[in-house]
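Engineer: Handing you this structure, nothing more for now.
The values are calculated or read from the model by the stated rules, or taken from the named source; none is laboratory data. The model shown is predicted, which means the values in this text are computed figures rather than measured ones. Positions of Cβ are backbone-derived with ideal geometry, glycine not excepted, and every protein chain shown enters the neighbour counts. Each accessible area value is taken on the protein alone, full model and side chains, heavy atoms only, with ligands, DNA and RNA left out. Shrake-Rupley method; radii C 1.70, N 1.55, O 1.52, S 1.80 Å.
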Amino acid sequence: MHRKTYRKILLLKPVNLFLLPFLLFFSCLYPVRNNEQIENDPMFLYLPAADYTREKIDSVKSPWEAKTHRGKAILAPDKNNLGILFVRFSLIDDAEEEFLSSQKLLPNNPIPSLNLLRLYYLVDDISEAKKFLEKFLKQAPQIERKKFENLLIEAQREEELVIFRDALSTIPGQEVYAWEGLAEYFFSKQEWSKSYFYLEKILQQSPFHKNARGLMLKMAHILEKWDDVLVFGLSLNGTGERIPELEYYIAHAYCEKRRYSEALEWIQKAPESEKESVVFLELWKLSLLSKNPKADVSPLLPYFRKLRSKGLQFTEEEFFPTLTPEGKEAMDRIRYGR
């Protein structure tokens, strides 16, 4: 890395010459930003070590003492743990050197590599992180890549997982898998344009990719792009690759396009278990009454009553106004403009 990660103390007025060496030494230890987060970060992982145990790392109390350990570690686990010691005192270049050395000695152990990725991420050196990961992933067997990814997932290191998958997408044969993970991440963050970018890349390479079409369908539904909902929904139905609530999405699109008969056809196709939701019943009711304000809504009652038994607070009269004389009269007034 070897870049300026430390802030110089500006000497704006004459300084006691006796203090100057101490000020200059201190100026080399004070990080520009994120120092508190870096020094107290809990995500760095230790390895069982003979010399630089966790207890020994914890016993070091100052950057001056930490510096005395430079070059002292020989075995890979000791180098890894010594890297954590240097991180604790914002000795970033020293930490990088130890993690790299440990990783070379333990190429099939993910921990030094995870620590190195964490370091690059915390100092906001994403290009260096990606460069390192691309080299690491090209050399690592598939099982080691998966182990590395799973550890990131388990630790909920989401943003580092994005860097990992971005690097993974450069490995032949891993592109679609990596793009799918990126698309799902950006979808979860409601960053629609980024999610769409990766979904489009997947579909260009694999036009019938089920998960990509499913995510496109959900995104179009959220963004109220009803024509796109129908394109992806009917495509999934046509290839027999159903996703949860597929019929609801298609029916909702038809309802929004005022094609109520088609909406009702898809509502009837939905599995019984998926009809037991408030949003589904709202759509069903709306489609029925929009097609015919005097339509019979009684077929919805069994599903509504199941929801009531599970704690739904609406009464039948509130949810189905046309079941009461007053509600029917109100609907007639709306219908005839009275």
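Engineer: In debye to the nearest 20, how big a dipole does region 72-162 give about its Cα centre with +1 on each Lys and Arg Cβ and -1 on each Asp and Glu Cβ?
Structural biologist: Details: 13 positive and 16 negative charges, 80 e Å.
It comes to approximately 380 debye.
Engineer: Please list, in chain and number order, the residues 5+ apart from E245 or on another chain whose amide H is under 5 Å from its amide H, with Hs placed from the backbone.
Structural biologist: none
Engineer: Related question: With Cβ to Cβ distances under 14 Å as the rule, what net charge do the other residues near Y46 carry (K, R +1; D, E -1)? Before the final figure, lay out the partial values.
Structural biologist: Details: positive: R54, K56, K79, R88, R118; negative: D41, D51, E55, D58, D78, E98.
Here the charged neighbours net out to -1.
Engineer: Summing Lys, Arg as +1 and Asp, Glu as -1, what charge do residues with Cβ under 15 Å from the Cβ of A220 carry, A220 excluded? Could you put the intermediate results ahead of the total?
Structural biologist: Details: positive: R213, K218, K225, K257; negative: E200, E224, D227, D228, E245, E256.
In short, -2.
Engineer: Please count, across region 32-124, the pairs of lysine residues with Cα atoms under 16 Å apart that sit 8 or more places apart or on different chains.
Structural biologist: Numbers: K56/K67; K56/K72; K56/K79; K67/K79; K79/K104.
Lysine pair count for region 32-124: 5.
Engineer: Treating only the Cβ of Lys, Arg, Asp and Glu as charged (+1, +1, -1, -1), what charge dipole size does region 32-124 show about its Cα centre? Round to the nearest 20 debye. All intermediate terms of the calculation are to be shown ahead of the outcome.
Structural biologist: Details: 11 positive and 14 negative charges, 31 e Å.
Rounded to the nearest 20 debye, it is 140 debye.
Engineer: For a 30 Å ceiling on Cα separation, which of these pairs sit above it: K138/K225; K257/K294; K131/K194?
Structural biologist: On the way: K138/K225 40 Å; K257/K294 21 Å; K131/K194 22 Å.
Checking Cα-Cα distances, K138/K225 exceed 30 Å.
Engineer: Taking all protein chains in place and a 1.4 Å probe, what share, in percent, of the accessible surface of region 32-124 do carbon and sulfur account for?
Structural biologist: Details: 2220 of 4270 Å².
That fraction is 52 percent.
Engineer: Quick one: 3J(HN,Hα) in Hz for region 36-41, Karplus 6.51/-1.76/1.60 with θ = phi - 60°, rounded, Gly and Pro as x.
Structural biologist: The phi angles translate into 5, 5, 4, 5, 10, 5 Hz.
Engineer: Follow-up question, since we're still on this one. Can you tell me the Rg and Dmax of region 32-124, counting just the alpha carbons, in angstroms?
Structural biologist: 11.8, 34
Engineer: Let me know the shape class of region 95-218, please: from the alpha-carbon gyration tensor, a ≥ b ≥ c as square roots of the eigenvalues, rounded when a/c is under 1.5, otherwise prolate if a/b is greater than b/c, or oblate.
Structural biologist: Working: a/c = 2.45, a/b = 1.85, b/c = 1.33.
Prolate.
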